[in-house]
Structures are given as C-alpha cells and as structure tokens.
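Each remark here refers to the structure printed beneath this line.
The values are calculated or read from the model by the stated rules, or taken from the named source; none is laboratory data. Computed from a predicted structure; not experimentally measured. Backbone-built Cβ (ideal geometry, glycine too); neighbour counts: all protein chains shown.
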Amino acid sequence: MGKSGSSSFRRILLTRILLLSIPILLMGEYMVYRKARSGVLTTARYNLMESAARKGDELEAMTEMMRSNLLVSSQMLGGRTASPTTAQSWVNQIQAWLPAPVQCVQVTAAMGTILGSTCGSAAIAPEVMKPMPRMRATGSLRRTDVVISPASALPESPGFTPHQDQLQLVFSVPIYDRTGRLTAVLQAQTSLQRQQFGSELSRQGYTVVIDQAGIVLAHPLSDRIGKPITQPPNAPVLEYVQKSAIAGDRDSLHLFEEDREEWLAGYAAVKMPVSEGQTQTWVILAIAPISTALTEIRGIQQVLLVLTVALLAAAALATLFMTRDLALPLEKLGRYALQIRERAVYPPMPKNFKIRELNQLAEALEVMIQRLDERATELETAWQEAQFANQLKSEFVAITSHELRTPLNAIIGSVRLVKDGCCDSPEEVTDFLQQADDAAMHLLKIINDLLDISKIEVGQIHLNLQPVDVEQLCQQCLRWVQPLADRKHLTVAISIATDLPEMHLDERRVRQMVINLLSNAVKFTPDGGAVRLSAWPRAGAELVPEHRPDRSPINPKTLYLCLEVTDSGIGIDRQHWPLLFRPFQQVDASSTRNFGGTGLGLALTKRLVELHGGTLSFDSTVGQGSVFRIWLPISTSGSDDSPIAKNAT
C-alpha cells in the first residue's frame, strides 16, 4: 500500500469513471424521459377511454331524462293546444322546466302549423311527424313513442349562442287527445356541452359522436359534422373504431388528422332507441391532441435538463474528490486488518469515510468481528442451555420417580398387609385391596401418559373414530373423578346442551383429555370449592379471541364442540402461562409438589386435541380459578375430507 502508485491510480480512476459515467448518465436520462412520456400517454389514453364511457353514460342519462320529461309534458298538453296562445304559454313553461341544455321547444299541429315555439317560427324537424300514426288506442304513452333525430341546424334563442361542434338532438313526442287522435307534436332541441380546454381537455377530450350509419353527429371540427366516416382522413381508423365499438369493445388508439398532428382517442358505444321498434348503436369518442396530453411532461423535460447538467458537474467533482481521497481510507483499512491479525485486543474501527463503499467495507469488517464475538457468546449460551436441559431432565426424572414410587409403595404395602394376615376383617381386606387397585390405576395412568407422549412425538399414535354420545361420555368422565371430589368435599356439576349431534371421535382419547382436565381441576381446587363440566356447540368466531397455546388459523364460521372445565381453584399466574403445555416441565415446583403430578396432563391433552383437528384454550386468575376448553370441530359423518379424519390417517 505504498504511495508510489497513487498518482497512476488516481489518473486511471479519473479517466475511466468519467468515460463510463457520462454516457450512462445521458442514456439514463433519455430512458427516464421516454418512460415518463410513455406513462403520460398511457394515462391519457386510459383517461380518454374512461371519458368516452362517461360521455356515453351521460348521453343515455340525458336522453332518458328528456324522454321522461317530454312524455309527462305530452300527457299534460293533451287536449290543451287548441289555441296558439295556450300552446305558447305551455312551451314557455316547458322551456323553463326542462334541463338547461334544451334551447328550443315547439308544439306543432298535426297539419304542420307551429302553435308555440321558444326559438322562432322555423320548424325544428318537420319530417319526423310524417311516420307518426294519426290514430292510436287510448292510454299512456310509452318511452318508445319518443323519436330522437339529429338536428340539421340549431336555431338561436335569446341568451344562447349555438356551437357547431355540439351534438344536436331533436326529441319528438306525439300528443293525442282523449279519443286517440293525433293533434300535435311536442319537440325539444338540445345539445351536449362544449368540452373545456387546457388540462381538463387532456383528461376528457373533445366529443365525437357517430351514428350507426356512420354519419358524424358531433365533432370539434364543424366541417366534419354530417359527413360519413368513409371520407378521408382517418376513414379506415374510424371504420375500425365503429366496428369494434358496436361489437362491445372499449379501447383507446391513435388518430392522424389532416395536418398530420397525432391525436389520441378513446371510444365506447351506447344503445339509442331512436323511435318505436328501432334502436341504433352510436359510437362515442373522446379525442385530444398528443401535444395537449403531453403538456404535463414539459415540466419533466425542464427538470431532467437541469438534473442532467447538475449530475454531470457533480460526477466530475465527485470523481476528483474520490480519486484524491480513496487511497488514504484504503490504507487505514489495511492497517486495521493487520492489527486484527496481530493483536488479541481489537483497535477502534476507522469510520466516517467520504466514500460509501469504503464505509460499507468498514462496517462489514466490524460486523464480522461482532459475529465472531456473538458466536463465542452463542457457544457459551448453548452450553448453559445444555446444562439447564440436563437440570430439567434430572428434575423430571426425580419427579417421575417419586410419582411412580408413591403408588408402587402403596400397592406393595397394601398387598403385603393382606398377604401377612394383618387384617382383622374381610372389610379391611377389601379396603386394602381397593387402595392397591386405586394406586395401580394411578400408576397405569402415569405410564400411559409417558407412552402416549412418546408415541405422539414419533407420530405412532392413531385415532379410532367412532360415533360417540357426548352426553354419555361426559357422565362417564364425571363418575371417574367423583370419588376424588368427594374426598375434598367439592361440588361437581355438569351442563350438557340438548342439541348436540352424535360425533365421530376417538372416545378413549376424548375421555382421556376430559379426565385430565377434571383431575387437574379437582387437584388444584381447595376443599369446599366447585368444579363444572360443560358441553355445548360454539362458533369459531367465539374461539378467535381466546388464549391458546396453538395460534393456528381459525375459521370463524366453523362449528365446534366445546368441552369446558371450570374450577374455583388457586389459579395460574399469567407469567407462568407459557409453561403450561410444555411436556416434562412444571409450572410451579412448590405448588406441584404440594399437589403432586408429573406435569404431562396438559401437554398430552394439547397433543390429543390437535390430532382431532381442534385446539385448546384457557384462562386463569390467581385466587379465583381457571377454565380450560377443548374445541373439537363438529363433523356428523366420518368422511375422509373432515379435519378429524385427516388427522386420524
């Protein structure tokens, strides 16, 4: 790491970094600009497609509203248009009542005479009256009686200046008297509103409307209105748009106008019932020039230009500083590495360099050293854990041996007393034999718990699913613990729901779980206390907030059989809850030794209930008692797709 080569090193860095960074920087700026432009155009096309759909919906809503209003007006005018004065008064009221886009309302007699008009004496659309039936059956008019036709010219009305690029429509509805004779025609002329310019135009666009025959009804260029789409320019594109829109497609595309300026367009189609028995499909386009859509990108261009100049200057300055300052940090790191290799006590790590990569290298070296220290700490911790595990094993062996010797000594003592003839009466013999039998059953239970835990650990335990009467099973469990409860003068109660179905369960394993919970409740409940066993169906939603050792997902809609054991015993401190279901581990050594037990009951119960596809929940308060609940999913059939059947196999 001598400094003789530092000059050459800096020169190489300076030339190569600049030669590589500047072209990449310029290319990156260009790619960012192209990506931004593509994103803006994509957004504009999507906005125009959505705008075309909205315009179509607005057109449908406006036509439906005009139909409804004109039908009501026609019903009101029936038989009241005899004189021009009356008709003129009515059209003035209708003009004020109808929505704002309506510029002209006329009532024309059946013979063609204009009885009332809000826009002069020129007829709006005289030709629509000819096909209307002169007579019809009496009754209410239907919406199909309203005829919709494009307007050839928009008459001027006071306070209104028409625009040629608006969609001009004439709504005509016949007026029949009470005898069903055509007396007049009510007509209203309306138009779509002009689109705004600026940013609003880039999102909504100009409106273009093409009818089913391919005639342009509305266009931002007035000379295109009334012409077929087969005329240039854009004839192939517009024909494709009309075909796709009529087929039900909604999309966006590029258009090219006469001046070769590129336009964007989005299109959609609407169904227009223009007269009775005739429905046309009109194509609605929202178009905007690309120059308008790209208005927002001009600011991005300016930012990119300023950013390019700034980055070029920054790259040059950074290269100069980096070539000057890179050698010294490398030497510091080299010296630090040598000191680590030669010394047992690590020196301070050099930090806060001006180059990020060198800081990362320094941090990596520091992390490596820290990990070496952590590995040493982990080895020490593992050794301590091994000692703790060995201590737990010794405690478990001591507790288990004590629990095994106690019933074994009772058996041996009772049998020898009987064998040696120390009994004074047959009743005393029976009593000793009963004590031996009770101790033998207790010993068998401890051995079975140990075997079951070991079988579950290696996956060799299997369930034997059979139809089970839950109420009968609960009664059997209660009878088993009743003698234990009577010795402590405990009140034992049972509560069974009447609507429980017959379930497919492993009866022996479920009985084993319930007896484990009942035995714990009796054991840890002081004299004179109470123990209750309950069974009823509950939904999974009630299980979700429960305290559980197994946090597996719960379906709130699943129906469970809930077997609940409640006691008024000593309770369990919350800090000991994590130890409740660990096999071979006691929650409280002093408490356990006062009451006895190996600490396997809850661990075994948890494993067995999980084999049934269920879970275990609990709650406890010190000095007030505990409640443990077994949740088994209700399945009235032994089908293979049930959770219990899957765990059984």
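Yes/no per residue for (1) assigned to a loop (DSSP other than H, G, I, E, B); (2) at pLDDT below 60; (3) among the β-branched types (Val, Ile, Thr):
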| site | (1), (2), (3) |
| --- | --- |
| Leu141 | yes, no, no |
| Ser149 | no, no, no |
| Pro155 | yes, yes, no |
| Asp165 | yes, yes, no |
| Pro174 | no, no, no |
| Arg178 | yes, no, no |
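So which of Ala269, Ala314 is at pLDDT 85 or above, outside any loop (DSSP other than H, G, I, E, B) and among the small types (Gly, Ala, Ser)? Let's see the steps before the verdict.
Numbers: Ala314 fails: at pLDDT 85 or above.
Step by step, each of Ala269, Ala314 is checked, and only Ala269 is at pLDDT 85 or above, outside any loop (DSSP other than H, G, I, E, B) and among the small types (Gly, Ala, Ser).
State whether one or more residues within segment 410-430 are out of contact with any His (no Cβ under 8 Å at 6 or more places or on another chain) and either at pLDDT below 75 or assigned by TED's automatic domain parsing to the domain that holds Leu484 (or both). So far as segment 410-430 goes, yes, one or more of its residues are out of contact with any His (no Cβ under 8 Å at 6 or more places or on another chain) and either at pLDDT below 75 or assigned by TED's automatic domain parsing to the domain that holds Leu484 (or both). Looking at segment 497-505, is at least one residue modelled with pLDDT under 90, of a type outside the set (A, V, I, L, M) and at positive phi? No, that holds for no residue.
In segment 81-102, is there at least one residue being at pLDDT 85 or above, assigned to a strand (DSSP E or B) and under 20 Å from Leu141 (Cβ atoms)? Among the residues of segment 81-102, not one is at pLDDT 85 or above, assigned to a strand (DSSP E or B) and under 20 Å from Leu141 (Cβ atoms), which makes the answer no. Scanning segment 203-239 for residues that are assigned to a loop (DSSP other than H, G, I, E, B) and exposed (fewer than 14 other Cβ atoms within 10 Å of the Cβ) turns up Ala213, Leu221, Gly226, Lys227, Thr230, Gln231, Pro232. For segment 584-616, a residue qualifies if it is at pLDDT below 85, over 14 Å from Lys523 (Cα atoms) and surrounded by fewer than 20 Cβ atoms within 10 Å (Cβ to Cβ), and the qualifying residues are Phe584, Gln585, Gln586, Val587, Asp588, Ala589, Ser590. Of all residues in segment 224-255, those satisfying the criterion of being under 21 Å from Leu167 (Cα atoms), modelled with pLDDT of 85 or more and polar (S, T, N, Q) are Thr230, Gln242. So which residues in segment 499-527 are without any contact (Cβ under 8 Å) to a residue 40 or more places away in the chain and out of contact with any Phe, Trp or Tyr (no Cβ under 9 Å at 6 or more places or on another chain), if there are any at all? The answer is Asp527, and nothing else. Taking the conditions (1) outside the structural domain of Asp567 (by TED's automatic domain parsing); (2) modelled with pLDDT of 85 or more in turn, Glu457 satisfies each one other than (2).
Residues that are of a type in the set (Phe, Trp, Tyr) and within 30 Å of Ile634 (Cα to Cα) within segment 518-538 comprise just one, Trp536. Do we find that Ser626 is polar (S, T, N, Q), at pLDDT 90 or above and surrounded by fewer than 21 Cβ atoms within 10 Å (Cβ to Cβ) in this structure? Taking the combined requirement at face value, the residue does not satisfy it.
Within segment 362-371, the presence of a residue that is among the polar types (S, T, N, Q) and modelled with pLDDT under 75 is excluded.
Would you confirm whether any residue within segment 119-128 is assigned to a helix (DSSP H, G or I), crowded, with 18+ Cβ neighbours inside 10 Å and touching a Ser or Thr at 6+ places or on another chain (Cβ under 8 Å)? Checked segment 119-128: at least one residue is assigned to a helix (DSSP H, G or I), crowded, with 18+ Cβ neighbours inside 10 Å and touching a Ser or Thr at 6+ places or on another chain (Cβ under 8 Å).
The criterion of being free of Cβ contacts under 8 Å to residues at least 40 places away in the same chain and either β-branched (Val, Ile, Thr) or in contact with a His (Cβ under 6 Å, 6 or more places away or on another chain) (or both) holds for Ile246.
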